[in-house]
Amino acid sequence: MAKLHFRPCTPNQTVLFPQRIDEDIADNAPVRIVNAIVDSLNLDNFKKLYKETGRCPYHPKMMLKAILYAYMNNIYSCRKIEQLLLRDIHYIWLAGYEKPDFITINRFRNRVKEEINNVFTQLVLVLADKGFISLEVEYIDGTKIESKANKYTFVWRKSVERNRAKLMDKVRILLEQVDETIAQENTLKDTPVEFTPATLSQIVDELKDALEHEPGPNAKEQKKAHREKKRQIKELEALGDKLAEYEKHLEILGDRNSYSKTDPDATFMRMKEDAMNNGQTKPGYNLQIATENQFITNFAFFPNPTDTLTLIPFFNSFRERYNRLPGTAVADAGYGSEENYRFMQENRIEAFVKYNFFHKEQRPRYVPNPFHPESLYYNIEQDYYVCPMGQHMNRIGTKRDKTASGYVTQSARYKAQRCEGCPLRGSCFKARGNRIIEVNHRLNEYKKQARERLTSEEGIKHRGRRCIEPEAVFGQMKYNMAYRRFRHVGKEKVTMDFAFFVIAFNIKKMCAKIAKEASKLFLDLIYRLYTHLKAIYGMNWATLKSPLPKIAA
């Protein structure tokens, strides 16, 4: 019987001529694309972040490669990246056998938090140069992502302002009780004065100084009054500290209505991912992105929950990145406002942006309300409307409103002459007196232009494309790559972490498109070969399994 032999297995053997570690890595592996892309980037600005003295730091390109490849594989923990640098052949090859620990990896991310945004811009320009994107058409949308902050550490503006007003009343009453002279100097009965923490501190110092210079109390009632004054001064000092706390809250709030104590940059919003299904607000950020061919070309974070006020600042951030604005913008109805339409028109941006009720107007069974101002006949020359009963509604003035961003809108007001006894009064309007309507002519003109663009052939194409552009990116980001909640506190660190993510996302998307294009070329080659063989031998797919017939001499 033949003797059985096994291949030798010696884990601790010494290799005289070691093999190259990348021999086991495929030529078309995504890790090679990451390595090539990072090597092509200009990271000269990273040098100013390091000191010339001390121990030699790890090369920033090596650190960037390892972190980006980890983000591409849904790994965002520095401790897990440290483990992979010891056991995964792809990370070992990228790092060149270097072994930075998790503290070094995290310190590198925080060190480059200002420069990583420029790396993202460089990558987008590389994608444009390679023909993946054009930076001419931008599909814009937003989503809310929850912050790392505690969801119960909320501060609300209305609560702070209400408590601050109560505190002011307490201060005035207490000052009247402590010292009538100081109370008369600092408060007036007719016009209440807004105290500041500095003013209260000054008043407390004056009261303490006056109390110290008073002669020592002898009688029992004098001692009691002296103790009462000391108590009141102490209470006034506590109220001053509380007022300083309220002032700090208002300073952090700025224009917002809420913020979190553990993450002051986060605002309480209603999230789409509501596990309790109770509409509870949570601290988070309003993330705005622009995509093209499902590549992220721009991103920004905003504290306001609605998307209307984010469009113009978002375009300005795009201009800061690329020194120009896109030629075409596509967005949903959340961005359709007079201010946004005017900005895009003045900057020559072709706007395929929906407005409220656009989808309702496109329904086959949609019937417009005959009593709505837009359904009434309007005489442009003489500037009057005609109601359904044929009565003229003449212009009586102009109403001006200001948005949260400071933009002033103008609405013309028209009033009917006599609505008494009108048989359509109950259906037309139910208020007393004659009917008054307000019409924003500029906004109506913008809506008309938007309607013409959106219902055109190109508009229908963009509307269909918008559903698979930013929406698909959000789906891949939250469900495929498990990026549903931020892991850092503060807008600066959140922006840094998301910049790493979008760079990794774009590289991953580029790898997928390259692989898809290679597969398409391979299938095209097979089809051409099949066509060629069929033309020569009259073969089909079934006969390809059998040996090819010999060619006659």
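Can you work out the FRET efficiency for the pair ARG453 and LYS430, with r the C-beta to C-beta distance and R0 = 45 Å, to the nearest 0.05?
Taking R0 as 45 Å, the efficiency between ARG453 and LYS430 is 0.75.
If r is the Cβ-Cβ distance from MET389 to TYR527 and R0 is 56 Å, what FRET efficiency results, to the nearest 0.05? It would help to have the intermediate numbers written out before the result.
Details: r = 70 Å, r/R0 = 1.26.
My answer for the efficiency is 0.20.
Any idea how far apart TYR378 and TYR479 come out in nm if each label point goes 7 Å out from Cα toward Cβ?
Once both label points are built, they end up 4.3 nm from each other.
Where the centre of each part is set by its Cα atoms, how far does segment 1-63 sit from segment 450-483, in angstrom?
40
Counting other Cβ atoms within 10 Å, which trypsin sites (Lys or Arg not before Pro) in segment 395-499 have at most 13 and lie in a DSSP loop?
Listed in order of number, the matching sites are ARG418, LYS430, ARG432, ARG484, ARG487.
Using only the alpha-carbon atoms, how far is helix 457-466 inclined from the longest principal axis of the chain? Give it as 0 to 90 degrees, nearest 10.
90
Helix 60-72 sits at what angle to the longest principal axis of the chain, using alpha carbons and giving 0 to 90 degrees rounded to 10?
The angle comes out near 90 degrees.
Is the chain rounded, prolate or oblate when judged by the Cα gyration tensor, a ≥ b ≥ c being the square roots of its eigenvalues, rounded requiring a/c under 1.5 and prolate requiring a/b larger than b/c? Provide the component values of the computation, followed by the final result.
Working: a/c = 3.20, a/b = 1.33, b/c = 2.40.
Here the chain falls in the oblate category.
Roughly how far apart, in whole Å, are the Cα centres of segment 148-180 and segment 117-132?
Cα centroid to Cα centroid, the span is 51 Å.
Mind checking the angle between helix 220-253 and the chain's longest principal axis? C-alpha axes, 0 to 90 degrees, to the nearest 10.
Once rounded, one gets 40 degrees.
Taking the Cα-to-Cβ direction at LYS51 and at GLU320 and moving 7 Å from each Cα, how far apart do the two end points lie in nm?
3.0
Kindly flag which residue pairs out of LYS61/LYS513; LYS170/LYS230; LYS48/LYS478; LYS113/LYS261 have an alpha-carbon separation exceeding 27 Å in this structure. Could you put the intermediate results ahead of the total?
Working: LYS61/LYS513 24 Å; LYS170/LYS230 17 Å; LYS48/LYS478 35 Å; LYS113/LYS261 23 Å.
From LYS61/LYS513; LYS170/LYS230; LYS48/LYS478; LYS113/LYS261, over 27 Å: LYS48/LYS478.
For the chain, with all protein chains present and a 1.4 Å probe, just round the carbon and sulfur fraction of the accessible area to a whole percent. Please list the in-between numbers first.
Working: 17300 of 33920 Å².
With neighbouring chains kept in place, the figure for the chain is 51 percent.
Within straight cross-link reach of LYS430, meaning Cα distance under 13 Å, which aspartates and glutamates are found once same-chain residues fewer than 8 apart are removed?
Partners within reach: GLU420.
Rounded to the nearest 500 deg cm²/dmol, what is the calculated helix-only ellipticity per residue at 222 nm for the chain, with -39500 (n - 2.57) per DSSP H run of length n ≥ 4?
For the chain, the value works out to -14500 deg cm²/dmol.
Could you work out how far the C-alpha centroid of segment 505-529 sits from that of segment 223-242, in angstrom?
Answer, in whole Å: 79.
Residues of the chain: accessible area per residue at 1.4 Å, in Å²?
Averaged over the residues of the chain, the accessible area is 61 Å².
The values are calculated or read from the model by the stated rules, or taken from the named source; none is laboratory data. Model, not experiment: these values are computed from the prediction. Positions of Cβ are generated from backbone atoms using ideal geometry, with glycine treated the same way; all protein chains shown enter the neighbour counts. For the accessible areas, the whole protein counts, side chains as well, though only heavy atoms, and no ligand, DNA or RNA atoms are used. Shrake-Rupley method; radii C 1.70, N 1.55, O 1.52, S 1.80 Å.
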